[in-house]
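Data block below; observations after.
The values are calculated or read from the model by the stated rules, or taken from the named source; none is laboratory data. Keep in mind it's a predicted model, so treat the numbers as computed, not measured. With ideal geometry, Cβ positions are generated from the backbone for all residues, glycine too; neighbour counts draw on all protein chains shown.
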Amino acid sequence: MSSPPRFHPMGGCPDISPRRCAAAQWFCAIWGYSCCMSSSNNAVRTTVAQLDPRNVTAGIDADARTLFAEMLDSVDLISSRIVDGILNGEHSYTESTLELSVLESVVAENVEAILLDLSGSSRSLEAPRRAGRIKAASNIPMAGLLHAYRLAGLQLWEEMMSRSHASSRSEALLRVSSAVWGIIDEYSNAAADAYREVIDDIGRKDQQAKSVTLLTLLEGEAASGDIPRMLRALGLNEHATYLVVAAELRGTGEDPMPGIALRLRAAGIPSAWATWKGEFVGLLGCLTDTDTAIATSVIAELAASRIGVSRTFANVTAASDAVTQARLAMQCVPTGDSGVHRYGSAPLDVLLVRDPASAAEIHTAVLGPLTTIDPRDAELLLDTLEAWFAAEGSTSEAAHRIHCHRNTVLHRLAKLSDLTGRSVTRPSEAAELYTALRALRLS
């Protein structure tokens, strides 16, 4: 008899102890010891990993191919044993909606396909792909799918060992053990890939359905009797204080608030989001004033574009008005900037963005004379005026903000007064200057 193999053909034997492992027992009977421990497992993993999936059966000799071809006559019997093993060893199948007859057909298809592949008759991965699609549609977890393939592989290997021993082909089977487990691994991977495709498709359809539900609420087109159900579908509380958020989507494709839904969920604030009319809009359900403050803070922290937040509202039927508020608030952030504006925090800005024509008229009437000087000088005067307003009329603070002497600030404000005929020292004229400046910044 030839020397024993250097690795255990079972590869990984998850959840199977050496005493229960049929392959280990068989090795012990033939070679006098078991190779079923971690070092041999690592060896076979390396061997299988080095195989080219397209040529995984290339090294199977005639004796082994004959063994596998003969097993095709017993596909139903082998499949029945595998099904019993799956139902007893993987509880997710007994708890799923998958019918027994469907499981039996899937197992039989995969056993037959594997044996046909090993015997050199035909090669196709449609059987494992169908298995993956069916398991995903039946709500069987991915872990359950992969565990079932491991259980099936163990049962199939036991059948192979038993038949090879009876037909004196034991050594032939051992020589191709890597190919056997390589194919089982390949089938498992194909099933997992198909499973993920179905789950991804379900996720996309679920997101599309949620988007339609959200937009129906935000457009104010939901029947009052349907609102509680729609809120539940979005994961929002029926009895909450709501906010609408509108974020500008820029041509760069950059996420306006990266990870916003996860961050809000971590803070205990549910939200639903969708893309609508070139904007990323969201409906947030806050249970307390503290939640509202936290939500606004998180949005400000993540803001990567112009973002507007509506006033809070208690009845979802007011959502369409809140959308208008959020969009106006978004426009109150200067074009090209990133930041958050809460509707109502600057009423003058809202008036200006609501009526762009009037805003442009005010800007021209008040600051139009600045077009007669060098544009760089004009911008310097406007920056100084803006700093003065931000400093609440403090010349020293304004000078600190723009890094110059306070006398420079006074000189520039005087120059601005000469050009516009309006002085910041007179309240009504200062109001006109401020309004015109905000109209310019928001244009």
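General observations
- The residues of the range 375-403 that are part of a helix (DSSP H, G or I), out of contact with any Lys or Arg (no Cβ under 8 Å at 6 or more places or on another chain) and without any contact (Cβ under 8 Å) to a residue 40 or more places away in the chain, listed by number, are P375, R376, D377, A378, E379, D383, W388, E397, H400, R401, I402.
- Some residue of the range 139-152 being surrounded by fewer than 18 Cβ atoms within 10 Å (Cβ to Cβ), in contact with a Pro (Cβ under 9 Å, 6 or more places away or on another chain), assigned by TED's automatic domain parsing to the domain that holds I60 and part of a helix (DSSP H, G or I): no
- For the range 196-206, the criterion of being touching a helix residue (DSSP H, G or I) at 6+ places or on another chain (Cβ under 9 Å), loosely packed, with under 15 Cβ neighbours inside 10 Å, modelled with pLDDT of 90 or more and basic (K, R) is met by at least one residue.
- Condition check for L100 on (1) of a type in the set (A, V, I, L, M, F, W, C); (2) within 16 Å of I184 (Cα to Cα); (3) surrounded by fewer than 21 Cβ atoms within 10 Å (Cβ to Cβ); (4) over 29 Å from the mean Cα position of the chain (by Cα): one failure, at (2).
- Condition check for T372 on (1) within 44 Å of the chain's Cα centre (by Cα); (2) hydroxyl-bearing (S, T, Y); (3) surrounded by fewer than 18 Cβ atoms within 10 Å (Cβ to Cβ): one failure, at (1).
- Residue within the range 172-181 that is of a type outside the set (A, V, I, L, M) and free of Cβ contacts under 8 Å to residues at least 40 places away in the same chain present: no
- The lone exception for G393 - which of (1) among the small types (G, A, S); (2) exposed (fewer than 13 other Cβ atoms within 10 Å of the Cβ); (3) farther than 15 Å from Y434 by Cα; (4) within 49 Å of the chain's Cα centre (by Cα) it fails: (3)
- Any hit, the range 349-369, residues being under 18 Å from R441 (Cβ atoms), among the polar types (S, T, N, Q) and under 50 Å from the mean Cα position of the chain (by Cα): yes
- Members of the range 235-266 found to be outside any helix (DSSP H, G or I) and surrounded by fewer than 16 Cβ atoms within 10 Å (Cβ to Cβ), listed by number: G235, N237, E238, H239, R250, G251, T252, G253, E254, D255, P258, G259
- A108 being surrounded by fewer than 21 Cβ atoms within 10 Å (Cβ to Cβ), touching a residue at least 24 places away in the same chain (Cβ under 8 Å), in contact with a helix residue (DSSP H, G or I) (Cβ under 6 Å, 6 or more places away or on another chain) and among the aliphatic types (A, V, I, L, M): yes
- Residue count for the range 133-171, restricted to those that are free of Cβ contacts under 8 Å to residues at least 60 places away in the same chain and among the charged types (D, E, K, R): 0.
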